[in-house]
1. Compute the FRET efficiency between A:Asn359 and A:Asp24 as 1/(1 + (r/R0)^6), taking r as their Cβ-Cβ distance and R0 = 51 Å, and round to the nearest 0.05.
2. Could you work out how far the C-alpha centroid of the range A:201-257 sits from that of the range A:343-392, in angstrom?
3. For A:Asn398 and A:Asp310, compute 0.36 nm times the residue count separating them, minus their Cα-Cα distance, and round to one decimal in nm.
4. Using just the Cα positions, wrap the range A:139-222 in a convex hull and report its mean projected area in square nanometres, one decimal place.
5. Please sort A:319-332, A:138-151, B:26-39 by packing, taking for each peptide the average over its residues of neighbouring beta carbons within 10 angstrom, highest first.
6. Just to be sure I understand: of the beta bridges DSSP finds with both ends in the range B:3-152, what percent are antiparallel, rounded to 5?
7. Between A:Asp87 and B:Ser150, what's the calculated FRET efficiency when r is the beta-carbon distance and R0 is 51 Å? Round to 0.05.
8. From the alpha carbon gyration tensor of the range B:3-152, can you work out the equivalent ellipsoid semi-axes (sqrt of 5 times each eigenvalue) and give them in Å, largest to smallest?
Amino acid sequence: MTKKITIEPVTRVEGHGKVTIHLDDNGNVVQSRLHIVEFRGFERFVQGRPYWEAPVLVQRLCGICPVSHHLAAAKAMDVIVGAGTGDGLTPTGEKMRRLMHYGQIFQSHALHFFHLASPDLLFGIDADPAIRNIIGVAMKFKDIAVQGVMMRKFGQEIIEVTAGKKIHGTGAIPGGINKNLSIEERNRFLYGPDPMNIDKMISWSLDAVNFFKDYHKKHRELIDTFAAFPSSHLSLVRKDGAMDLYDGVIRAVDAEGKKILHDVDPQDYLKYIAEEVRNWSYMKFPYLIEYGKKDGWYRVGPLARLNTADFIPSPLAQKEFEEFKAYTNGKPNNMSMHMHWARLIETLHAAEMMKELLNDPDLQKDDLVVKGTRVNEGVGMLEAPRGTLFHHYRINENDQITMANLIVSTTNNNEPMNIAVRCVADSMIAGQKEITEGMLNAVEVAIRAYDPCLSCATHALGKMPLEVSLYDSKNNLIDKKRT
Amino acid sequence: MKVLLYGYGNPGRQDDGLGNKFINRMQKWVNKEGLEGFEFDSNYQLNIEDADAISDKDLVIFIDASKEDIQDFCISKVTESSKMSFTTHSASPGYILDLCKKLYDKSPVTLLLHIKGYEWNFKEELTKKAEENLEKAINYFKEKLINPISLIQFEIPEF
């Protein structure tokens with residue numbers, strides 16, 4: 001008879017999730033899965049609504065990354081109103097959106113590292129859960145905890161001034177933006193009292209990268225081998241190969257660095273990417289069509305972005321990028337825990353980009369919106385904190401949305417997260433006579449590295465609430481529970 | 001005396017927006033009455049930076065929609081709690097207060113206003129019953145905010 005270990009819910013990730021690990025009589029892992037249990041149905045919800053409402057409506061998908069959905073939907077609507085993609089907007093429109101986006105990246109990455117990941121690194125994966133949390137960090141490493149709080153606050157305030165408000169921001173509209181940045185608003189971020197100014201944010205971001213590198217030196221084996229596995233990587237890159245989190249073309253590389261998706265236009269994504277539904281999960285499994293369901297899966301997010309980009313267009317982050325790339329001799333980095341390193345380099349990049357934008361006089365100009373010839377279909381893509389985000393809409397002659405397809409970052413990472421869970425289960429749980437809390441937390445650490453946002457990611461329709469079924473080695477059902 | 005009123009919830013999920021609606025209405029009333037010392041905020045959910053936001057206040061009142069078995073609204077005192085939620089979508093007021101204490105060595109008097117809600121679908125509007133509960137809570141606090149010291153000396157009233 002198989003034994004089943006259930007970790008429910010996965011602690012310290014956004015939303016809900018569940019992991020099941022099936023062991024046989026000898027303690028070997030026979031199956032492990034990350035299950036998604038929350039049902040959202042957003043693609044159907046937006047059908048029938050006027051297209052211009054989409055950028056505001058879709059923010060309800062998630063309370064942690066509403067800006068990513070807001071901007072991806074707005075980019076799709078840019079296409080629909082004939083404003084084109086990327087640089088089709090006015091300089092003020094595009095740069096205000098970029099500032100909003102970098103604020104989002106900055107606050108989300110800071111929240112993830114300081115709030116979700118740092119307890120595992122500072123106290124150890126097998127530390128007492130009573131102290132392995134942000135309160136524990138606050139007690140023992142107060143300065144780090146305060147930095148995390150203030151960095152998130154800074155990013156949130158950038159979002160507020162660019163999106164108009166913290167909840168259901170309205171800043172991005174089809175074809176542009178509805179406000180610019182006043183001099184007073186700009187000065188607050190450039191010259192605000194310590195620590196709430198951009199120079200301090202850059203300094204702290206650099207400290208965080210150095211903190212990780214120092215930790216890496218002391219715990220090299222853990223960081224380099226934990227849940228490491230070869231994979232393809234996918235992200236947007238700028239047309240010249242630079243990292244670009246807001247706009248670009250789709251590039252994918254394999255585990256050796258060979259390009260397997262050659263900088264294609266996001267409007268054509270359906271020619272290259274499909275989604276598989278598996279009967280045990282609400283979350284779909286995307287894959288590159290050319291390589292099929294079995295081999296076409298890929299990773300997205302900070303690690304993937306550093307693997308696909310040729311360079312980072314900001315000086316401090318570029319210097320860190322060069323060190324990051326040198327560690328794997330220029331080859332793609334397939335070590336899951338290096339996701340944290342990549343995330344912190346991106347945090348630094350986001351801070352540098354915010355400074356560059358805050359110093360740009362285009363943000364005070366008044367030419368906010370462009371329009372062109374309306375079409376009935378548009379795709380909006382960007383690099384959300386957790387990875388590549390696809391928004392695809394079709395509308396009818398009455399301006400109503402008739403079709404929406406969203407592939408959110410966490411859905412793109414569905415297969416990799418399942419593989420990461422299997423890696424940890426095989427290496428740390430298989431063959432053990434006793435399953436410790438530390439071992440179980442190790443599974444969660446592997447998932448947390450991807451920073452999944454499970455409540456965003458579940459939107460397949462027509463499914464009943466998930467049931468958990470337990471079978472023995474002869475396929476006899478021995479237990480069943482509804483979530 | 002510095003007072004923060006902070007409503008949280010998703011206004012796109014019907015009655016989950018009760019906290020945000022409370023803030024909108026109460027802020028207008030406080031401005032109209034010319035009362036001083038009040039700050040207002042609202043968000044989807046509480047998060048770690050809120051520990052900073054409450055650190056310089058004498059009194060903090062969080063407002064949230066409630067699924068609890070209560071009549072219309074009730075008030076409770078918040079105590080520090082290091083118990084983490086499994087998701088950052090739902091940091092509790094006690095968790096924020098605990099973080100504030102650990103990071104800033106400050107512990108403002110903190111209350112939680114629970115307003116009863118009923119429906120949680122993808123709609124902007126409150127249900128009629130939730131609107132009625134909101135109205136009752138607002139009327140109660142209009143009286144209290146004229147003299148917020150009374151809330152610091154707060155004892156859980158009977159409803």
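1. Details: r = 61 Å, r/R0 = 1.20.
Plugging the Cβ-Cβ distance into 1/(1 + (r/R0)^6) gives 0.25.
2. 20
3. 27.3 nm
4. Details: hull surface 33.6 nm².
Approximately 8.4 nm², given one-decimal rounding.
5. On the way: A:319-332: 15.3, A:138-151: 20.1, B:26-39: 13.6.
Descending mean neighbour count gives A:138-151, A:319-332, B:26-39.
6. In the range B:3-152, DSSP labels about 20 percent of beta bridges as antiparallel.
7. Working: r = 58 Å, r/R0 = 1.14.
Calculated value: 0.30.
8. For the range B:3-152, the semi-axes come out at 23, 20, 13 Å.
All of the numbers you see were taken from the coordinates with simple rules; none came from a lab. Since we're looking at a predicted model, the values are computed, not measured. Note that we place each Cβ from the backbone using ideal geometry, even for glycine, and neighbour counts take in every protein chain shown.
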